[in-house]
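Notes to accompany the following structure.
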Amino acid sequence: MVKSEGNRLAVALGDVSLQNPIIPASGTFGYGVEMSQLYDINILGALSFKGTTLNARYGNALPRIAECSNYGMINAVGLQNPGIHEVINTQLPLLYSIFHQPIIANVSGFSIDEYQQVCSLLDKEERISILEVNISCPNVHQGGMAFGTTAEAAAEVTRAVKQVTDKPVYMKLSPNVTDIVAIARACVEAGADGLCLINTVLGMRIDIRRRKPVIANKYGGYSGRGIFPLALRMVNQVAKSVSVPIIGCGGVETAEQVVEMMMAGATAVEIGAANLVQPTICKQIIEDLPSLLDELKINRIEDIIGIV
Ligand SMILES: Cc1cc2nc3c(=O)[nH]c(=O)nc-3n(C[C@H](O)[C@H](O)[C@H](O)COP(=O)(O)O)c2cc1C
């Protein structure tokens, strides 16, 4: 895709040019089909679709969502998805027919072998621009986050995936660690082309009347408004330590926060839980960005990446 010279919102994730930095985050936008009934999703910079595993997964027992009034939500969906073959045969052709911007495939696995199998199948899909490898899902009992909490395991998944694809590989990092910089560095040394951070923060709510956890799974991934400062700090720390592009994610719901994320070091920004509260939020942010740039006297948005 050619970046238009006149487009001040354009950014580049390595060789992948985006018309703007706004990307719906995996798990909060499905495969785009429902959202496309609400607005023209081709205004997005890119789209990251629901995490895909080798086999179909029903996910965790219900209830899986705990709302946190005005500070976010906890989910323990547990990677519900139809499995890679169904995604390739049914969901992707539909997505290709309605979406003409770069597509990010979000991949999960329960073993190194599974990550490799799913990524090698996605490697054959010409329309997919980036593989976003989720080593940070807190809602499954094995695999998922287990690969994202030590530098060694994170590097091992990165190396394994790089062996089976020529597409850019972005490792999606967990905030549930002591030293995210060490894990980010290990992924980059193992060949990651970029990083995406953060996934959800492990959290909990209790129903005080039932005296039980709200979520059947007990703990879940906290996301939305409340995690923004944490995500911003981690993006900034990682951006100062690696030289690959970073997709910033976590609690973003306004154009101002997109600018903040980019000043902290993100090249593009994913919007997650906010889509579930306000389904047209990505459209709103894209529309708000030009006047905000005017107000801040920023000519091209890419000029602010990592300035703080
Ligand atoms: C309901 C739900 C499902 C999610 N599913 C996935 C997933 O399949 N793969 C993944 O990498 N992240 C998944 N996430 C994490 C988001 O992509 C994002 O990293 C996280 O929610 C933080 O961003 P936010 O605060 O803007 O929501 C999910 C989040 C939510 C709320």
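The values are calculated or read from the model by the stated rules, or taken from the named source; none is laboratory data. Since the model is a prediction, treat every value here as computed from it, not as a measurement. Cβ placement follows ideal geometry from the backbone for every residue including glycine, while neighbour counts extend to all protein chains displayed.
What about residue 238, is it of a type in the set (A, V, I, L, M, F, W, C), farther than 27 Å from residue 39 by Cβ and in contact with a Phe, Trp or Tyr (Cβ under 9 Å, 6 or more places away or on another chain)?
Details: of a type in the set (A, V, I, L, M, F, W, C): yes; farther than 27 Å from residue 39 by Cβ: yes; in contact with a Phe, Trp or Tyr (Cβ under 9 Å, 6 or more places away or on another chain): no.
Against the criterion (of a type in the set (A, V, I, L, M, F, W, C), farther than 27 Å from residue 39 by Cβ and in contact with a Phe, Trp or Tyr (Cβ under 9 Å, 6 or more places away or on another chain)), residue 238 does not qualify.
Inspect segment 30-42 for any residue being in contact with a strand residue (DSSP E or B) (Cβ under 7 Å, 6 or more places away or on another chain) and within 11 Å of the ligand (Cβ to nearest atom) and give the result as yes or no. No: segment 30-42 contains no residue that is in contact with a strand residue (DSSP E or B) (Cβ under 7 Å, 6 or more places away or on another chain) and within 11 Å of the ligand (Cβ to nearest atom).
Taken together, the residues in segment 146-180 that are touching a residue at least 40 places away in the same chain (Cβ under 8 Å), in a helix (DSSP H, G or I), buried (at least 18 other Cβ atoms within 10 Å of the Cβ) and not small (Gly, Ala, Ser) amount to 4. Mind checking whether some residue in segment 213-235 is at pLDDT 95 or above, assigned to a loop (DSSP other than H, G, I, E, B), of a type outside the set (Asp, Glu) and over 18 Å from residue 73 (Cα atoms)? Scanning segment 213-235 turns up no residue that is at pLDDT 95 or above, assigned to a loop (DSSP other than H, G, I, E, B), of a type outside the set (Asp, Glu) and over 18 Å from residue 73 (Cα atoms).
Of the residues making up segment 279-288, none is surrounded by fewer than 23 Cβ atoms within 10 Å (Cβ to Cβ) and either of a type in the set (Phe, Trp, Tyr) or out of contact with any helix residue (DSSP H, G or I) (no Cβ under 9 Å at 6 or more places or on another chain) (or both). Looking across segment 236-259 at every residue that is more than 24 Å from residue 297 (Cα to Cα) and assigned to a helix (DSSP H, G or I), the one that is nearest to the chain's Cα centre (by Cα) is identified as 238.
What tally of residues in segment 280-308 results from selecting those that are farther than 19 Å from residue 42 by Cα and in a helix (DSSP H, G or I)? Outline the logic, then answer.
Residues of segment 280-308 farther than 19 Å from residue 42 by Cα: 291-308.
Going one step further and asking which of them are in a helix (DSSP H, G or I), we end up with 291-295, 301-304.
Qualifying residue count for the region: 9.
Among the residues of segment 183-212, the one identified as within 15 Å of the ligand (Cβ to nearest atom), part of a loop (DSSP other than H, G, I, E, B) and surrounded by fewer than 24 Cβ atoms within 10 Å (Cβ to Cβ) is 205.
Apart from one condition, residue 306 fits all of (1) buried (at least 24 other Cβ atoms within 10 Å of the Cβ); (2) of a type in the set (Gly, Ala, Ser); (3) more than 18 Å from the chain's Cα centre (by Cα); the exception is (1).
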